[in-house]
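A.B. asks: Could you have a look at this structure, given as structure tokens, before my questions?
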Amino acid sequence: MRYKGLIALGVLAVLGFAAATLPASVLGKLAERHGVRAASWTGTVWTGAADGVVGNGASLGAVRWTLSPWLLLGGRLAGHAELTPPDGTANGDFALRTGGRAELANVNADVPLAWLNTLTKTKFRGWDGRVSAKLASLVLADGWPVAAQGSVAIDDLSAPPSRGGRIGSYELVFPATAASDNGLRGQLTDIDGPLAVSGELVLAAGRSFDLQGFVAKRSGERTPFDNAIALLGSPDASGRRPFGLSGTL
């Protein structure tokens, strides 16, 4: 019996060593099944790096990560990741659970809007600016935000010159009480620019959104929304006009 116990411990030790030294290229094979490729993979599955990463037709740059093997025992894939796309940075802690739920924490990002447009295949080509995020926490269910605390800002937003040029900078803040049964609520305000904006964004079930607020021209500078603002009705005493936008994504 003693020898059988020693053999079992030996087998476990060998398996543990093999798991701990799995090369990062193992993840590369899994990533390729989802359309993500890299020029090189270094390190191990648990602490590794990938350079020249391309996904969804967009350059993701370099990726660095560390994973916690112990949390796998609880059904979570968790760790820390750093992404360095062209002219940008993003990093944070993550925990992926079964059922399509992702929990992020300590998220810091600063990336070009043009890069996000390419990555997400949006139809806002020619728009420029930078998107930054400082989120203490963010929870995604099937890729849709259901809880958050922190802020997301877009700086120096501008449309193509043919559509009016500069629009300004804006910030969306999610307070600690942002999430409720009625959806995730964020407060939108302008930072600077030709438009004074204040409003509330609600992200609800079914990937629906609803933005309600007020807008006013701050200067005579032309923006892509001038004609639409004039159609919003008469301004109040402070020059603000109500606006609303809703739909699904």
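The values are calculated or read from the model by the stated rules, or taken from the named source; none is laboratory data. Just so it is clear, the structure is predicted and the values come from calculations on it, not from any experiment. Note that we place each Cβ from the backbone using ideal geometry, even for glycine, and neighbour counts take in every protein chain shown.
A.B. asks: When only residues in region 137-160 that are part of a strand (DSSP E or B) and of a type in the set (D, E, K, R) count, which is surrounded by the fewest Cβ atoms within 10 Å (Cβ to Cβ)? Spell out how you get there, then give the answer.
C.D. replies: Just the residues of region 137-160 that are part of a strand (DSSP E or B), to begin with: 137-141, 144-158.
After this cut, where a residue has to be of a type in the set (D, E, K, R) as well, the list is 155-156.
On the way: ASP155: 17, ASP156: 15.
Among those residues, the one meeting the criterion is ASP156.
A.B. asks: Of the numbered conditions (1) within 21 Å of ASP156 (Cα to Cα); (2) exposed (fewer than 14 other Cβ atoms within 10 Å of the Cβ), ASP190 satisfies every one except a single condition; which is it?
C.D. replies: Here ASP190 meets the rest and fails (2).
A.B. asks: From the list SER158, SER137, which residue is touching an Asp or Glu at 6+ places or on another chain (Cβ under 6 Å), of a type in the set (S, T, N, Q) and at negative phi? Lay out the reasoning, then the answer.
C.D. replies: Values: SER137 fails: touching an Asp or Glu at 6+ places or on another chain (Cβ under 6 Å).
One residue alone meets the criteria, SER158.
A.B. asks: Just to verify a result, which residue in region 25-49, among those that are among the polar types (S, T, N, Q) and in a strand (DSSP E or B), is farthest from ARG76 (Cα to Cα)?
C.D. replies: Step one: filter region 25-49 for residues among the polar types (S, T, N, Q), giving 25, 40, 42, 44, 47.
Of the ones still in play, those that are also in a strand (DSSP E or B) are 40, 42, 44, 47.
Numbers: SER40: 26, THR42: 23, THR44: 18, THR47: 17 Å.
The extreme case among them is SER40.
A.B. asks: Can you find a residue that is buried (at least 17 other Cβ atoms within 10 Å of the Cβ), closer than 20 Å to LEU184 by Cβ and either in contact with a Ser or Thr (Cβ under 6 Å, 6 or more places away or on another chain) or not hydrophobic (A, V, I, L, M, F, W, C) (or both) anywhere in region 110-120?
C.D. replies: No; the residues of region 110-120 include none that is buried (at least 17 other Cβ atoms within 10 Å of the Cβ), closer than 20 Å to LEU184 by Cβ and either in contact with a Ser or Thr (Cβ under 6 Å, 6 or more places away or on another chain) or not hydrophobic (A, V, I, L, M, F, W, C) (or both).
A.B. asks: In the list GLY92, GLY52, which residue meets the criterion of being within 27 Å of ALA179 (Cβ to Cβ) and either at pLDDT below 85 or assigned to a strand (DSSP E or B) (or both)? Give the derivation first.
C.D. replies: Details: GLY52 fails: within 27 Å of ALA179 (Cβ to Cβ).
Residue meeting the stated conditions: GLY92.
A.B. asks: Also, quick follow-up: Name every residue in region 235-249 that is farther than 14 Å from ARG218 by Cα, in contact with a Ser or Thr (Cβ under 8 Å, 6 or more places away or on another chain) and surrounded by 11 or more Cβ atoms within 10 Å (Cβ to Cβ), in order of residue number.
C.D. replies: SER246, the sole residue that qualifies.
A.B. asks: Okay, moving on. Search region 226-249 for residues that are at negative phi and pair each with any residue that is exposed (fewer than 12 other Cβ atoms within 10 Å of the Cβ) and part of a helix (DSSP H, G or I) when their beta-carbon atoms are under 8 Å apart and the residues are at least 6 apart or on different chains.
C.D. replies: Once the first residue is at negative phi and sits in region 226-249, its partners that are exposed (fewer than 12 other Cβ atoms within 10 Å of the Cβ) and part of a helix (DSSP H, G or I) give THR248/GLY206.
A.B. asks: Could you tell me how many of the residues in region 55-101 are surrounded by fewer than 17 Cβ atoms within 10 Å (Cβ to Cβ), in contact with a strand residue (DSSP E or B) (Cβ under 6 Å, 6 or more places away or on another chain) and in contact (Cβ under 8 Å) with a residue 40 or more places away in the chain?
C.D. replies: The qualifying residues number 2.
A.B. asks: If you don't mind, another one. Looking only at region 177-192, how many residues end up being over 17 Å from SER151 (Cβ atoms), of a type outside the set (S, T, N, Q) and either modelled with pLDDT of 85 or more or part of a strand (DSSP E or B) (or both)? Break it down into steps so the answer makes sense when it comes.
C.D. replies: Let us first name the residues in region 177-192 that are over 17 Å from SER151 (Cβ atoms), namely 180-183.
Next cut, of a type outside the set (S, T, N, Q) only: 181, 183.
Still in the list and also either modelled with pLDDT of 85 or more or part of a strand (DSSP E or B) (or both): 183.
Here the count works out to 1.
A.B. asks: While we're here: Look at GLY186 and say whether it is closer than 16 Å to GLN212 by Cβ and of a type in the set (Gly, Ala, Ser). Break it down stepwise before answering.
C.D. replies: Details: closer than 16 Å to GLN212 by Cβ: yes; of a type in the set (Gly, Ala, Ser): yes.
Considered against the rule, which asks whether it is closer than 16 Å to GLN212 by Cβ and of a type in the set (Gly, Ala, Ser), GLY186 comes out as yes.
A.B. asks: Tally the residues that are surrounded by 15 or more Cβ atoms within 10 Å (Cβ to Cβ) and touching a Gly at 6+ places or on another chain (Cβ under 6 Å), restricting the search to region 212-232.
C.D. replies: Residues in region 212-232 being surrounded by 15 or more Cβ atoms within 10 Å (Cβ to Cβ) and touching a Gly at 6+ places or on another chain (Cβ under 6 Å): 4 in total.
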